[in-house]
1. Roughly what % of DSSP beta bridges within the chain run antiparallel, to the nearest 5?
2. If you count only protein heavy atoms and use a 1.4 Å probe, how large is the accessible surface of His164, to the nearest 10 Å²?
3. Using a simple charge model, +1 on the beta-carbon of Lys and Arg, -1 on the beta-carbon of Asp and Glu, nothing else, what dipole does the stretch 79-189 show about its Cα centre, in debye to the nearest 20?
4. Determine Rg/Rh for the chain; Rg is computed over alpha-carbon atoms and Rh is the Kirkwood hydrodynamic estimate from the same atoms.
5. Please work out the C-alpha center-to-center distance from the stretch 158-235 to the stretch 9-68 and express it in whole Å.
6. From the square roots a ≥ b ≥ c of the eigenvalues of the alpha-carbon gyration tensor of the stretch 26-108, which class results: rounded (a/c under 1.5), prolate (a/b over b/c), or oblate?
7. Spin-label point model (7 Å from Cα, Cβ direction): what's the Arg201 to Leu65 distance in nm?
8. Using a 10 angstrom cutoff on alpha carbons, build the Gaussian network for the chain and name the most mobile of Leu68, Leu123, Leu158.
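The values are calculated or read from the model by the stated rules, or taken from the named source; none is laboratory data. As the structure is a computational prediction, the values presented were derived from the model and not from experiment. Because the Cβ atoms are built from the backbone with ideal geometry, glycine has one as well, and the counts that use them run over all protein chains shown. Keep in mind that these areas ignore ligands, DNA and RNA; they rest on the heavy atoms of the full protein, side chains included. Shrake-Rupley method; radii C 1.70, N 1.55, O 1.52, S 1.80 Å.
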Amino acid sequence: MAWVESTSASFRARHESSETDDAARVLDSLERTRARLDERLGATVPDVTVVLHRSEPFLGLAHPLYLLSRAVAVPAGRRYVAGWAGVREIHVLSPVGLARRASRAPGSGAMLALAPDALYAGLVVARLGGAFPPPHTPARALRAARWAWLAEGAGRFLAGQTAHARPAIARRLREGARPAFPPGLRDAALLGGTVLDLLAREEDERAVLELVTRPLPATREAGLRAAFGGRPLVHVEGAWRAHLAALAGDASRPRENEHREGRRRRRDPDRR
């Protein structure tokens, strides 16, 4: 299949010729995300090319570290590691590939559809803060590993992915060991954005924007205490764990309602 290029005001997309309509929708979404980031952060990254890969093997060949990032992520969050960003280029699964990867859980498809936007938002944050990749230098990669919850969570939260993550969070809390606070490298892709979500709820959006764009403090603990108004870290952690539990509980309610409705129908076969 031949590769072609589509363009919008601020982006280019390289994609297979059969995916021109999908590429146009990706570009439209990226333009809306760029406009929101420009309004909220006062800056964006222009002239970015997004390369849409129909299958994961080709995406992995474009950057082998992508496969490592996906392998490291916890199972509940692994499917949402769907691409990587360079200085002026984003490589991500195409809409067909993203839809194929989505689970049946509510929000999974919507979260994956925002993968290009999350990668672009992360690229903008990296450019403004100057601490995280890209470019993928050893020093930046080491900082990104130590601050994985922020490096991963910033783009995902600003692009709106975290709002769709409740079922995946519920699964994460059922599986494996208790997540660390702040989330470690394996949990960063799924849970990093929840720290920023809590910060937006308990402080305001300005606190989130300051945290993701200002120079990194000496330690993660100092950064979190400052962002949350000087509160002791143990109190911030308690609020975060309660927030995770609430998100997981919200995710389970639709399924519980379905089970209740099913039981009522079994008791009353004439119920419609």
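1. Looking only at bridges with both residues in the chain, the antiparallel portion is about 45 percent.
2. 70 Å²
3. So the dipole magnitude of the stretch 79-189 works out to roughly 300 debye.
4. Looking at the chain, the ratio lands at 1.00.
5. Here the answer is 25 Å between Cα centres.
6. Prolate shape, in that a/c is at least 1.5 and a/b is the bigger ratio.
7. 3.3 nm
8. Leu68
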